[in-house]
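We did not get these values from a lab; they are worked out from the coordinates using the rules stated. In this text the structure is predicted, and so the values were computed from the model without any measurement. FYI the Cβ positions are ideal-geometry reconstructions off the backbone, even for glycines, and counts take in every protein chain you see.
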Amino acid sequence: MTNSTCRRRSTAFTLIELLVVISIIALLVGLILPALSAARETARSIQCASNIRQVDLAAEIYADQSQDYYPTYLGDGIYMPKRLDAIASLNNAWVCPSSTYPMDHFDGTAGDWSVSYGGNLLLMEQNYLAVRRADVAKPAATVAFAENSFYGYTGGCVVHPNHPNTPMPFYRHQDICNVAFGDSHVSGVKKDVLEDTDSSEGGVALSGDNIYLLWNIY
């Protein structure tokens with residue numbers, strides 16, 4: 001056997017070595033892919049929080065121009081998203097990037113659209129009567145806008161965890177729902193917090209719609 005033949009055999013991979021390398025690569029891929037998926041979802045959640053902040057800002061501008069009143073979800077025959085879009089040109093800010101609903105879109109010039117966010121029903125649909133920002137007792141602890149779970153028609157731009165025929169909060173981001181509060185800060189909130197049904201707050205009993213603490217406006 002020549003020296004060159006020995007060198008070729010010593011530098012070649014055996015089948016076992018090749019299988020070990022393949023196994024290591026598969027293991028690394030298995031570790032990396034979930035991390036990449038989580039990173040992508042984190043990026044989508046951040047974009048969603050930016051979207052809902054823009055929607056809330058448009059509502060604040062509306063209130064500034066409307067004697068401190070929040071917009072109702074339907075006014076003068078026009079749904080809230082279209083009225084707010086006229087103020088701030090929100091366009092795709094109404095759609096969460098994590099939404100898997102194929103019809104989720106917003107077109108300010110059309111009547112056929114579906115949105116990912118809704119205003120607190122108790123703020124924006126008091127029998128079509130507006131609520132003043134100054135009348136909200138605890139703005140920093142009161143939901144203004146949240147991701148909602150209702151699709152398919154323009155009236156789905158409100159949200160509440162316990163009210164008939166109203167879209168509920170939706171937890172698109174690893175069991176987190178992005179929420180804009182009455183003081184305009186935005187935070188991701190878990191279900192057990194957002195849908196807290198403690199029967200009292202400061203010793204004052206709550207009932208009906210207001211039993212959900214973060215949704216109680218007075």
Compute the length gained on full extension between I16 and D192: take 0.36 nm times their separation in residues and subtract their Cα-Cα distance, giving the result in nm to one decimal. 58.2 nm
Peptides 135-141, 94-100: what's the order by average Cβ count within 10 Å, highest mean first? 94-100, 135-141
Exposure-ranked with fewest Cβ neighbours within 10 Å first, L122, L129 stand as L129, L122
Fewest-first sequence of Y212, Y171, Y218 by Cβ atoms within 10 Å of each Cβ: Y218, Y171, Y212
Multiply the residue separation of I87 and S23 by 0.36 nm, subtract the distance between their alpha-carbon atoms, and state the gained length in nm to one decimal. 17.4 nm
Neighbour-count ranking [beta-carbon atoms within 10 angstrom, fewest first] of D64, D196: D64, D196
For Y117, what residues show an amide H to amide H distance below 5 Å, using hydrogens built from the backbone and excluding near sequence neighbours? N148
In the neighbourhood of G188 defined by beta carbon distances under 15 Å, the net charge of the other residues (Lys, Arg +1; Asp, Glu -1) is -1
